[in-house]
Ligand code: ADP
Ligand code: MG
């Protein structure tokens, strides 16, 4: 039997796994990912403290052409990084201290959503309401505590992501 439209939607929900053995590799992964991104994209990054969400975001920022440093927006909750390349700005959000989607909405992200790439750290369970079409990224450590390798699961949700070649970031 061939692919149906439903089958295609299912396929895009299956995560692409990329291994990042070092922080440098994580940054490089972000840079490659940036090449696939477009204005209006929403990315939700999950993973424990120190998993590498901010490190990945720094790579995405570099790839998009953000000039300044991308540091964790832990206290400001959200920060807009313009680019010097004419590409979309990076809106970097830390939802760690937010308890609900209502609190996220208070940050007024909607105003910049369409023109920017919006990445929400700790967004799992909170930020899904921003967009049905989105890229969910889950970063995990492996079982060996001496191994710094991170396992990065990339899952594009919805038609917006169906045609993107997430495998190309490997
Ligand atoms: P998070 O934002 O998820 O809390 P950070 O990106 O701030 O995580 O921190 C990740 C830390 O782990 C950094 O100090 C980074 O240098 C280190 N690190 C070591 N190995 C890796 C790896 N393979 N990928 C990402 N970060 C790594
Ligand atoms: Mg972080």
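The values are calculated or read from the model by the stated rules, or taken from the named source; none is laboratory data. Being a predicted model, the structure only gives us computed values, none of them experimental. Please note: Cβ atoms are built from the backbone with ideal geometry, for glycine as well, and neighbour counts cover all protein chains shown.
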Check: Within region 51-69, how many residues turn out to be in a helix (DSSP H, G or I) and either within 13 Å of ligand 2 (Cβ to nearest atom) or within 23 Å of residue 140 (Cα to Cα) (or both)?
Finding: 11
Notebook entry, point to check: Do we find that residue 145 is away from ligand 2 (no atom under 16 Å from the Cβ) and closer than 19 Å to residue 26 by Cα in this structure?
Noted result: yes
Notebook entry, point to check: What about residue 63, is it without any contact (Cβ under 8 Å) to a residue 40 or more places away in the chain, closer than 16 Å to residue 164 by Cβ and within 12 Å of the chain's Cα centre (by Cα)?
Noted result: no
Next item on the list: Assess whether residue 86 counts as being surrounded by fewer than 23 Cβ atoms within 10 Å (Cβ to Cβ), on the phi > 0 side of the Ramachandran plot, within 10 Å of ligand 1 (Cβ to nearest atom) and in a loop (DSSP other than H, G, I, E, B).
Entry: no
Notebook entry, point to check: Can we say residue 43 is closer than 23 Å to residue 165 by Cα and either within 16 Å of ligand 2 (Cβ to nearest atom) or surrounded by 14 or more Cβ atoms within 10 Å (Cβ to Cβ) (or both)?
Noted result: yes
Notebook entry, point to check: Looking at region 12-50, which of its residues are modelled with pLDDT of 95 or more, assigned to a loop (DSSP other than H, G, I, E, B), touching a strand residue (DSSP E or B) at 6+ places or on another chain (Cβ under 6 Å) and more than 8 Å from ligand 1 (Cβ to nearest atom)?
Noted result: 37, 41
